[in-house]
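Enquirer: Sharing a structure with you now.
The values are calculated or read from the model by the stated rules, or taken from the named source; none is laboratory data. None of these values were measured; they are calculated from a predicted model. Cβ: placed from backbone, ideal geometry, glycine included. Neighbour counts: every protein chain shown. When the accessible area is computed, the model is the full protein with side chains, heavy atoms only, and any ligands, DNA or RNA have been set aside. Shrake-Rupley method; radii C 1.70, N 1.55, O 1.52, S 1.80 Å.
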Amino acid sequence: GAVVSQHPSWVICKSGTSVKIECRSLDFQATTMFWYRQFPKQSLMLMATSNEGSKATYEQGVEKDKFLINHASLTLSTLTVTSAHPEDSSFYICSARPSGGVTDTQYFGPGTRLTVL
Amino acid sequence: QQPVQSPQAVILREGEDAVINCSSSKALYSVHWYRQKHGEAPVFLMILLKGGEQKGHDKISASFNEKKQQSSLYLTASQLSYSGTYFCGTEPIPSGNTPLVFGKGTRLSVIA
């Protein structure tokens, strides 16, 4: 199967700082990547769809100015949590689907655990 | 619209079988099954495409009934390693650019 990497795997930061999370598709190209967050024992909550070369599409209730998404190339998307607060602490997971792969699936990165103190 | 998974949770002894269901109120093009272990990201198990498909891989198999708009995941002779939360992800039309819609998950615990 295809491989998606995420970096960092965990981060602890102080309240008010910004954190950048990188998501890379290692062996395929993805015009679209997806960002999810997951609280303990809950389902995957889609935050936004990242589109290469254009603006991200955010789900209802997700603050665009707080969660900045940049899809710089066909293999890299970044999520920046700006002015992080303790309530932003969560498990952030990116996902990508090979371009043109209507019969392919979404592959998930290993996730980034963010803890804001 | 979010698919409905049942049961929400199940506890099995090693060697027992389990069935996890995923139902949608909308017509489906495909159903994707994942397993997530605690603290890790979901891992892809299998994809079923429109057409009454069935698939298997080791002792885990799945079926897709497009008329009933539902899919079932079958775990046979469960092992401890099967423990985790199982998610189904659905899509109504073939598209590489829209996200799958995930159910709330089924928590499976296999005990010795």
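Enquirer: Could you give each residue of the range A:38-49 its phi-based ³J(HN,Hα) in whole Hz, using Karplus coefficients 6.51, -1.76, 1.60 with θ = phi - 60°, and x for Gly or Pro?
Expert: Once θ is set to phi - 60°, the couplings for the range A:38-49 become 9, 8, x, 6, 10, 7, 7, 10, 5, 9, 6, 10 Hz.
Enquirer: Calculate the translational D of the protein assembly as shown in whole µm² s⁻¹ from Stokes-Einstein, where the hydrodynamic radius comes from the Kirkwood formula applied to all Cα pairs, the temperature is 10 °C and the viscosity 1.306 mPa s. List each step's numbers first, then the result.
Expert: Working: Rh = 18.1 Å.
My calculation gives 88 µm²/s for D.
Enquirer: Which of A:THR78, A:THR31, A:THR17 moves most in a GNM of chain A, Cα contacts under 10 Å?
Expert: The residue with the greatest mean-square fluctuation here is A:THR17.
Enquirer: Here's a follow-up. Check each of the GluC sites (Glu not before Pro) in the range B:33-69 and keep only those in coil by DSSP with at most 15 other C-beta atoms within 10 angstrom; list them in order.
Expert: Values: sites: B:GLU40, B:GLU53, B:GLU66; in loops: B:GLU40, B:GLU53, B:GLU66.
Passing both the DSSP loop test and the Cβ count: B:GLU40.
Enquirer: Continuing with the same structure: With respect to the cross-link table entries A:LYS20/A:LYS55; B:LYS26/B:LYS55; A:LYS20/A:LYS41; B:LYS37/B:LYS104; B:LYS59/B:LYS104; A:LYS55/B:LYS26, which display a Cα-Cα separation exceeding 19 Å?
Expert: Numbers: A:LYS20/A:LYS55 17 Å; B:LYS26/B:LYS55 22 Å; A:LYS20/A:LYS41 25 Å; B:LYS37/B:LYS104 15 Å; B:LYS59/B:LYS104 23 Å; A:LYS55/B:LYS26 29 Å.
Exceeds cut-off: B:LYS26/B:LYS55; A:LYS20/A:LYS41; B:LYS59/B:LYS104; A:LYS55/B:LYS26.
Enquirer: Give the value in nm², to one decimal: projected area of the alpha carbon convex hull of chain B, averaged over all directions. Don't skip to the end; give the middle numbers.
Expert: Values: hull surface 26.3 nm².
Its average projected convex-hull area is 6.6 nm².
Enquirer: Here is a further query. Percent of accessible area on chain B owned by carbon and sulfur, 1.4 Å probe?
Expert: Details: 2790 of 5560 Å².
Using a 1.4 Å probe with all protein chains present, chain B comes out at 50 percent carbon and sulfur.
Enquirer: Looking at chain A, which Cys residues are left with no other cysteine's beta carbon under 4.7 Å from theirs?
Expert: Lone cysteines by the Cβ rule: A:CYS13.
Enquirer: Where does the charge balance sit around A:THR105 when Lys and Arg score +1, Asp and Glu -1, over other residues with C-beta under 15 Å from its C-beta?
Expert: Working: positive: A:ARG97, B:ARG35, B:LYS50, B:LYS55; negative: A:ASP27, A:ASP104, B:GLU53, B:GLU91.
Here the charged neighbours net out to 0.
Enquirer: Something else about it: Give me the accessible area per residue for the range A:1-83, probe 1.4 Å, as a whole number in Å².
Expert: Working: 4470 Å² over 83 residues.
In whole numbers, the range A:1-83 has 54 Å² accessible per residue.
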